Amino acid sequence: MQRPSWAPGDIDLERPGIARVYDYWLGGAHHFAADRAAAEKTLEAMPGLRGVVLNHRAFLRRAVRYLLGQGVRQFLDLGSGIPTVGNVHEIAQHADPGARVVHVDVDPVAVAHSRSLLDGNARVSVLQADVRDFGSVLSSPEVDKQLDFDEPVAVLMIALLHFVSDDEDPWGVVGGYRDRLAPGSFLAVSHAGYEGDEETASSREARRIYDARVAPMTLRGRVELTSLFAGFSLVEPGVVRVPAWHPESPDDLAEAGKRFPGFAALGRKA
């Protein structure tokens, strides 16, 4: 397989990656044949999955706009992925060119493309790191350059924590970031999951394919997601289906009413 010019030399072109599969579903252009094959195979089992992914991206947009309205101008975007249309820095700096953003991802393609795209933007930094290692992220030069933790910071974990298993302690990961934040800071999370026995046969098959080809996922429901917000006060309407968080149209509420396979919430640190 010919290596694209934007692909780092040490990356395995035959191994699908979370960020690149996600980029394909969002309509981006930075993915390999192996990513596309895994993405399409998963879609065969669950044709509505692309719409699910787009709803998580729409939540990101709504959350960032809400945060800007609350006066937040600093964003730590964890598991940021490949900067397809509608990324955090685009939304934030469109409203305020002085907004500061740190994008963090472990995928070398996501990081390389982000750095290339953002070259010359002094208020945005890109860090290649495993977000579970919150100590290394928070002590990095990139974070130190952009973020003042004496002022409110928004930590964004969009479609991220379902890749952190219970054994990897997502509560501890969230707590590691929370403890660094000043009062008035925020945490935004969207997460795959269902309530009770809602999961369908097609969803289980899609998850089986994705777990085997890309990365294992841990689904969590409303109660489990709420527990991740320990130390934060939930912003209304609390933990809800992803499209139902500050919906922009009746279609959002209709989508949420179809047992949407994921939840979202935003919390404020007192």
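Throughout, read-outs are computed from the coordinates displayed, never taken from laboratory work. Note that the structure is a prediction, hence the values are computed from the model and not measured. FYI the Cβ positions are ideal-geometry reconstructions off the backbone, even for glycines, and counts take in every protein chain you see.
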With Rh as the Kirkwood radius over Cα pairs, segment 18-268 has Rg/Rh of 0.93
Within segment 135-170, the residues whose backbone N lies under 12 Å from a label point placed 7 Å from the Cα of A182 along the Cα-to-Cβ direction are 147-154
Filtered hits (lysines, Cα-Cα < 28 Å from K258, offset >= 8 within chain) -> K41
Everything considered on the Cα gyration tensor (a ≥ b ≥ c; rounded for a/c under 1.5, else prolate if a/b is larger than b/c, else oblate), segment 110-182 must be described as oblate
Output ordering of 72-85, 227-240, 54-67, 122-135 (per-residue mean of other Cβ within 10 Å, highest first) is 72-85, 54-67, 122-135, 227-240
So for segment 17-131, using the alpha carbon gyration tensor with a ≥ b ≥ c as root eigenvalues (a/c under 1.5 gives rounded; past that, a/b versus b/c decides prolate or oblate), I'd call it oblate
Where a ≥ b ≥ c are root eigenvalues of the Cα gyration tensor, a/c under 1.5 meaning rounded, otherwise prolate if a/b exceeds b/c and oblate otherwise, segment 172-270 counts as oblate
